[in-house]
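The values are calculated or read from the model by the stated rules, or taken from the named source; none is laboratory data. Just so it is clear, the model here is predicted, and its values are computed rather than measured. No Cβ is skipped: glycine too gets one built from the backbone with ideal geometry, and neighbour counts run over all protein chains shown. In case anyone asks, the SASA skips ligands and DNA or RNA and just uses the protein heavy atoms, side chains included. Shrake-Rupley method; radii C 1.70, N 1.55, O 1.52, S 1.80 Å.
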Amino acid sequence: TYSIKFSEDEKASSKNVSFLTVTNNLYRKDTLPFADKPDGGKLGLYWADRMPRYDLTALVTDILSGNWNNNPNLKQTSGKHLFLDFEATESRAASLDGELISLPSQVEFKIKRKALNVLVPRPEDVI
């Protein structure tokens, strides 16, 4: 469980959370978590308040089965700028693109529109 303070577009809150994820776009609500609109321009912040381990296991199962939007423990908000402030005494293990990392006590996320260049095949090369 993490004790965090977060602000989204200048609105601040404090939470004790068992699960927390930041996404580079809002997830589609009716399937496995992926962005319908990859250029949507909003970060997604998804969390679950402090909960027993069996509820956390059910949440993970719902996420993996595409039923995550129906889980009553999962909450969300969005914004173009998110700031997370973890209590300094806690371990802050995280996964970044599949790699386990340790987060600093303060983490800032910002949307930078058109910051990623993507190579796209020509229409005639698409099968």
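Quick one: go through the stretch 48-64 and flag any residue whose amide nitrogen is under 16 Å from the point 7 Å out along the Cα-to-Cβ line of L20.
Taking a point 7 Å out along Cα→Cβ of L20, the residues of the stretch 48-64 whose backbone N falls under 16 Å are 48-51.
Between E87, E108, E99, find the one with the highest GNM mean-square fluctuation for the chain; connect C-alpha pairs within less than 10 Å.
Top of the fluctuation ranking is E99.
At R0 = 35 Å, how high is the FRET efficiency between I111 and Y54 if r is their beta carbon distance? Nearest 0.05 is fine.
FRET efficiency, I111 to Y54: 0.50.
Carbon-plus-sulfur fraction of the accessible area of the chain, 1.4 Å probe, in percent?
Its accessible area is 52 percent carbon and sulfur atoms.
Determine the per residue accessible area of the stretch 26-80 with all protein chains present and a 1.4 angstrom probe, expressed in square angstrom.
The answer is 62 Å² per residue.
Checking a compactness column here: for the chain, what do you get for Rg(Cα) / (2.2 N^0.38 Å), N being the number of residues?
Expressed relative to 2.2 N^0.38 Å, the Cα Rg reads 1.18.
Could you pull out the longest piece of the chain with no exposed loop trypsin sites (Lys or Arg not before Pro) in it, calling a site exposed if DSSP puts it outside H, G, I, E, B and it has at most 15 other Cβ atoms within 10 Å?
81-111
Rounded to the nearest 500 deg cm²/dmol, what is the calculated helix-only ellipticity per residue at 222 nm for the chain, with -39500 (n - 2.57) per DSSP H run of length n ≥ 4?
-3000 deg cm²/dmol
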